[in-house]
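This report concerns only the one structure given below.
The values are calculated or read from the model by the stated rules, or taken from the named source; none is laboratory data. The structure displayed is predicted, hence computed values, not measured ones. Heads up, the Cβs are rebuilt from the backbone with ideal geometry, glycines too, and the neighbour counts pull from every protein chain shown. All accessible areas refer to the heavy atoms of the entire protein, side chains included, with ligands and DNA or RNA removed. Shrake-Rupley method; radii C 1.70, N 1.55, O 1.52, S 1.80 Å.
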Amino acid sequence: DGGITQSPKYLFRKEGQNVTLSCEQNLNHDAMYWYRQDPGQGLRLIYYSQIVNDFQKGDIAEGYSVSREKKESFPLTVTSAQKNPTAFYLCASKISSTDTQYFGPGTRLTVL
Amino acid sequence: AQSVAQPEDQVNVAEGNPLTVKCTYSVSGNPYLFWYVQYPNRGLQFLLKYITGDNLVKGSYGFEAEFNKSQTSFHLKKPSALVSDSALYFCAVRDTTSGTYKYIFGTGTRLKVLA
């Protein structure tokens, strides 16, 4: 899992509540990514950021929001607009000029 | 549209036998291809990548992958499987249409190595 931490490991929330997932890296990587993993669907890109104060929507950004105020941090907020938020969320980072992504250990979100 | 496909949900192989996990791709331009492995309730770990050069790419833990341009495939291989290789394997490709470093992952193949 390298120098990427995600917290918490497990998260439970009631339907209708917003929740923020933390992702921090000490690898001095420029680019950071958020993916959602569901059984049988692989990883789907939610948001990504190539530099501080800039980010782009991925394939399934609806119902999610992010910020990139610091190079080390890329928090993901799952809003009440996300229809089916229960999933395993993975954060990744990489050096901007290379293709190898380093993944965090993931956060399993369960919405009750 | 650019995509990557892993046609097998699960592959079973006996310990000591060679293993192959299949991946095919569809991209415009030159492909940038990757394999990652995921152990239960963990993040993904990088195994190997093909950018250019030799068609046979060697990676971590004794894995290798063969790039075949005519068949648009990038199959993951290992000459002798270990029980500890049992995990979920993902093939990925860089999306070269976006102009950014954005990646498309396959649905994953679960490898089960039987003792």
Chain B, accessible surface, carbon-and-sulfur percent (1.4 angstrom probe): 48 percent
Neighbour cut-off at most 11 other Cβ (10 Å), DSSP loop, trypsin sites (Lys or Arg not before Pro), region A:12-60: A:K14
DSSP-assigned coil residues among trypsin sites (Lys or Arg not before Pro) in region B:1-105, each with at most 13 further Cβ atoms within 10 Å: B:K69
Solvent-accessible area per residue for chain B (1.4 angstrom probe, square angstrom): 47 Å²
Accessible area of region A:1-75 belonging to carbon and sulfur atoms, whole % at 1.4 Å probe: 46 percent
Unit charges on C-beta of K, R, D, E only; dipole of region A:21-111, Debye: 160 debye
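Between A:N84 and A:D54, what FRET efficiency follows from the Cβ-Cβ distance if R0 is 25 Å, with the result rounded to 0.05?
The value I calculate is 0.35.
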Residues of region B:44-69 buried by at least 40 Å² on assembly (accessible area, 1.4 Å probe, chain alone as reference): B:L44
GluC sites (Glu not before Pro) restricted to region A:30-112 and DSSP loop, no more than 13 other C-beta within 10 Å: A:E62, A:E69
Accessible surface buried once B binds A (1.4 Å probe; total of both sides; Å²): 2000 Å²
Alpha-carbon centroid distance for the pair region A:19-91 / region B:45-101, whole angstrom: 25 Å
Residues of region A:69-112 buried by at least 50 Å² on assembly (accessible area, 1.4 Å probe, chain alone as reference): A:D99, A:T100, A:Q101, A:F103
Violating pairs (Cα-Cα greater than 28 angstrom) within the set B:K77/B:K102; A:K14/B:K22; A:K57/B:K112; A:K57/B:K49: A:K14/B:K22; A:K57/B:K112
Number of partner chain Cβ atoms within 10 Å, mean per residue of B:104-112: 3
Only Lys, Arg (+1) and Asp, Glu (-1) charged, at Cβ; chain B dipole about Cα centre in debye: 160 debye
